[in-house]
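Undergrad: The structure that follows is given in the form of structure tokens.
Any read-out appearing in this document is the output of simple, stated calculations on the displayed coordinates, not a laboratory observation. Please read these numbers as outputs of a predicted model, since none were measured by experiment. Cβ coordinates were reconstructed from backbone atoms using ideal geometry, including for glycine residues, and neighbour counts include every protein chain displayed.
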Ligand code: EPU
């Protein structure tokens, strides 16, 4: 990435007095990995986000917008530009509608909606990071997907700097996919439509989800959640072929989706370590930083997994995590 000029640096510092310089991104990522951001700006309101984007555009410097940092890998070299962290955590519950700023933590919204007597979003307790990130990647776990509750999404379309309110259909959600992954936007807020429900039952469901999570996923580790998307198949024939090769369980075949974690496990890669990055011994699709891991360790381990899965099964795993500064 190009070095910023003195003029650009001055322009940013003047327009964003609270901006931090050379902030280590390892402080802002769940993986605790990443070199310094030349500038790092905590945008406490959505107006702050918009202001920071326009400052960056006017100064002609690159910017990268992050949410909670739960699903990103930042390069060891850092980011020669402005990292804007969306930190507007406000939300409002009106009847069965929850209006949420992009910086609110998904797990917290799940708990707040249950407290307000709403049901449907209990599974959100199992999702790390913020609502903005959850919308971007159509996050899901334990049977739920955020697309099932979204009414509208407000976003700034970067191509023409226009604010757009997208309906659910216009968001073109798919498995860990949305319109926002294909056309650059900044997600600002969303409104969820939930159902009035039984608070006691909803709380029980939260407890159940938390304990399932504890059983199957690494806890308290530095990790970015699932590294890869599960492999999806449109073509029955492709799956038929695999069925013979890999003793694939019937429910995977029926769902036309093979969990990346299962494939990684099958190849005996759990516990595999490169540098200080390790494939979790608990769940094959989680990669953990054992402490002081470099982004390069993660890249090498992830490449090794992809190569082995491709060679063994002919499946090309797709990344679920986002890369910053590469
Ligand atoms: N499995 C193994 N070995 C492993 C991991 C999984 O055999 O090491 C098997 C499990 O036994 C199960 C199947 O693979 O039969 C699926 O595993 P799991 O239920 O753990 O779900 P997953 O498909 O690996 C998905 C989401 C998770 C979400 C869980 C729980 C993706 C990529 N991952 O994982 O989401 O928490 O379901 O619902 O869709 C994330 O997206 O970051 C994430 C963590």
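Undergrad: Find how much the distance from residue 240 to residue 219 grows on full extension, using 0.36 nm per residue of separation minus their present alpha carbon separation; answer in nm with one decimal.
TA: Stretched fully, the residue 240-residue 219 segment lengthens by 4.0 nm.
Undergrad: Another one. Got a sec? How would 56, 302 order by Cβ neighbour count within 10 Å, fewest to most?
TA: So the ranking, lowest neighbour count to highest, is 302, 56.
Undergrad: Using a 7 Å offset from the Cα along the Cα-to-Cβ direction at both residue 165 and residue 292, what is the distance between the two label points in nm, to one decimal?
TA: About 5.3 nm, to one decimal.
Undergrad: Peptides 98-105, 188-195, 153-160: what's the order by average Cβ count within 10 Å, highest mean first?
TA: Ranking, from highest mean packing down: 98-105, 188-195, 153-160.
Undergrad: Using only helices, what value at 222 nm comes out for the chain when you add -39,500 (n - 2.57) per DSSP H run of length 4 or more and divide by the total residues, to the nearest 500 deg cm²/dmol?
TA: Helix contribution divided over all residues of the chain: -9500 deg cm²/dmol.
Undergrad: Of the beta bridges DSSP finds with both residues in the chain, what % are antiparallel, to the nearest 5?
TA: So the antiparallel bridges in the chain amount to around 75 percent.
Undergrad: Can you give me the Cα centroid spacing of region 235-276 and region 89-106 in angstrom?
TA: The distance from the Cα centre of region 235-276 to that of region 89-106 comes to 37 Å.
Undergrad: Rank these for me by crowding, 256, 32, going from fewest to most other beta carbons within 10 Å.
TA: 256, 32
Undergrad: With a 10 Å cut-off between alpha carbons and a GNM built on the chain, which of 281, 249, 128 moves the most?
TA: 249
Undergrad: Here's another thing I want to ask about it. What is the fewest-to-most order of 233, 252 by other Cβ atoms lying within 10 Å of their Cβ?
TA: 233, 252
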